[in-house]
Amino acid sequence: MDKQEKEFVEVWEDNVKIKDLLIAMLLCIGLSLGGYILAPGEAPQPLIFGLCGGVIGFIISSVLIKPKRKITYLEEEE
Amino acid sequence: MDAMIILQMILAGIGGAVLYTLIGIAPGTDETAVLAPVTIALALSGVSPYVILAFFISAIVAKKLTDSIPVAVAGIPGGVMAAPMVEHAMVLKKHGLPDVSIKKMASGSVIGTLVSIPASFLIANAILPYADVISKHAGLIFFLGAVFLALMTNNKILSLLIIVPFAILIQGLRHLYWGLEIVPPETTVFVSFFLGITIGPIVVTLFDLLNKDARKKIPFLGKKEISVKKSDKVKGIPNPFNILTKKESATSALGSLIGSVTFFLSPVGMTVFLGEFLTRHIKDPVKRASRAISTMDGLTNASYISGTLIPLIAIGLPLSPMAIGPAAGLFNAPPVFTPEHNIHHILSMSEIMLATIIGAVIALLITFYITIKFASEICAFVFKYIPHEALIGLFAGLVVMLAFMDAGWINIFGTFLIAFVSGILFRNGVNYGVMFMILYAAPWMLGWF
């Protein structure tokens, strides 16, 4: 087993790295608010752009950031 | 109602079921935080109320079916409501039976759904004659609700004392926005304050992390260790009534019925209380645990569905913990839905019933099947590829955007203020229910002075 550095904290019952969390929050807030403000049309278009921005932010952060979970598989014992 | 709307309702049901099957599994996702913003956003973007209701019902059924999966597989609750089940699921896991607990919980959920939908319509019909009286005194009822919920919290004195100050904070911000002419006088800022309360605890935790002194006290951890058990393949289409024993079916049906009748009480409280009460007499630990989890899962499902449907059908005001939290978007998402004009007023009872049944049936078909067949695979996928940071980021993004939409830049700070105050109150034992009730009662209460 590799030596694990203790660099994560628990937020909402799961472990996160503070730096990664800030990156994800900035990305999602930036893209959703940006989408809302920059949308060219009338309501409800800004909201739709904003929601899409948020989802894109979510996808980018999912690709950039590795989950901090260590999964072990147990084989069938019975 | 034409075929197009029904088709849209079916598609919305499928979307809700798939989305919330994944979200349900992600650990620690709070129901209000994940359901309310999405429902509110759908309402505000002009989606038909029929479609929103079908989506919402499908989403809660799916989420309640799946949030118990990580409990069984890994011992971590997939949501606040799954927390009381951890202890019993661990008993089964210790005896090498996590598959059994997934199946029992999912089947309990199915029974909860099947019992609570008709029960909700019956109860709603019984309340209907008093609906006018109730809605005429809504402000008073929300205030009494806040007092009642305050008496149920761990910190009763603070919860009672904070009712008026917290109402002042909310109304103060609203009057400030009106005074600065940021919003027109007929607009009452609601959604962003609501979400501010929801994300309060997490905001306070985040700022603890940025504080050097506080950071020294926080335990730094390694990776979260999760062991996933490969499950047996199930052949054919699973039948919940074969999975549960007769006694288990009966107790979960009874639990679900009681859960529907007590729709105005705290679902977590009822789940813990009834789950223990109905199974206390069983001696064999494995039998007791499997009876308890099937009953609890049925009950949480039932109290969620009835907590949404009964106020929605009978009154049109969010008068249950469920309606005031996760389902808030169906009652109040101004300017589209207001307490005087929401799904209760727009849809007839049979239309509400139709949308509910479409949503519930789709979620049950998709999610129950997936849950029983691929529980460990989905868990592994979510645990492996969805970082927790991205989920928190997404909700932060939604809240900031909706705050800006409500009342511009100043409201991002206003919502932050509410979030921070709520988070600190939450940490000191004032629960969500009290704060949500105050949010609704605030305009009426400040009429006293």
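Which fully enclosed helices (runs of 4 or more DSSP H) of region B:331-449 have 3 or more residues being without any contact (Cβ under 8 Å) to a residue 40 or more places away in the chain and buried (at least 23 other Cβ atoms within 10 Å of the Cβ)?
Helices (runs of 4 or more DSSP H) meeting the threshold: B:388-427.
So, B:A403, is that one at pLDDT 90 or above and more than 11 Å from every other protein chain (Cβ to nearest Cβ) or not? Give the steps one after another, and end with the answer.
Values: at pLDDT 90 or above: yes; more than 11 Å from every other protein chain (Cβ to nearest Cβ): no.
Spelling it out, it is not the case that B:A403 is at pLDDT 90 or above and more than 11 Å from every other protein chain (Cβ to nearest Cβ).
Among (1) out of contact with any Pro (no Cβ under 8 Å at 6 or more places or on another chain); (2) modelled with pLDDT under 85; (3) farther than 22 Å from B:T271 by Cα, which single condition is B:L354 missing?
(2)
Which pairs have Cβ atoms under 7 Å, sit 6 or more apart or on different chains, and link a residue in region B:179-201 that is more than 22 Å from B:L425 (Cβ to Cβ) to one that is of a type in the set (A, V, I, L, M, F, W, C)?
B:I182/B:A407; B:I182/B:I410; B:V183/B:V189; B:V183/B:A407; B:P185/B:W178
Name the residue, out of B:F121, B:F148, that is in a helix (DSSP H, G or I) and within 30 Å of B:F426 (Cα to Cα).
That would be B:F148, the only listed residue that is in a helix (DSSP H, G or I) and within 30 Å of B:F426 (Cα to Cα).
Consider region A:48-75. How many of its residues are of a type in the set (V, I, T) and facing chain B (nearest Cβ under 7 Å)?
Summing the residues that are of a type in the set (V, I, T) and facing chain B (nearest Cβ under 7 Å) in region A:48-75 gives 4.
Examine region B:203-214 for a residue that is more than 22 Å from B:I418 (Cβ to Cβ) and either modelled with pLDDT under 85 or away from every other protein chain (no Cβ under 14 Å) (or both), and state whether such a residue exists.
As a first pass, look at region B:203-214 and keep what is more than 22 Å from B:I418 (Cβ to Cβ): B:212-213.
Checking which are either modelled with pLDDT under 85 or away from every other protein chain (no Cβ under 14 Å) (or both) leaves us with B:212-213.
Scanning region B:203-214 turns up at least one residue that is more than 22 Å from B:I418 (Cβ to Cβ) and either modelled with pLDDT under 85 or away from every other protein chain (no Cβ under 14 Å) (or both).
Which condition does B:A375 not pass, out of (1) closer than 28 Å to B:L195 by Cβ; (2) within 14 Å of chain A (Cβ to nearest Cβ); (3) not aromatic (F, W, Y), if it passes all the others?
(1)
Any residue that is modelled with pLDDT under 80 and under 16 Å from the mean Cα position of the chain (by Cα) - is there at least one of those in region B:53-70?
yes
Scan region A:16-39 residue by residue and report those that are under 25 Å from B:F220 (Cα atoms) and more than 7 Å from every other protein chain (Cβ to nearest Cβ).
Once the filter is applied, which keeps residues that are under 25 Å from B:F220 (Cα atoms) and more than 7 Å from every other protein chain (Cβ to nearest Cβ), region A:16-39 yields A:K17, A:K19, A:L22, A:I23, A:L26.
The values are calculated or read from the model by the stated rules, or taken from the named source; none is laboratory data. The structure displayed is predicted, hence computed values, not measured ones. Using ideal geometry, Cβ is built from the backbone for each residue, glycine included, and neighbour counts are taken over all protein chains shown.
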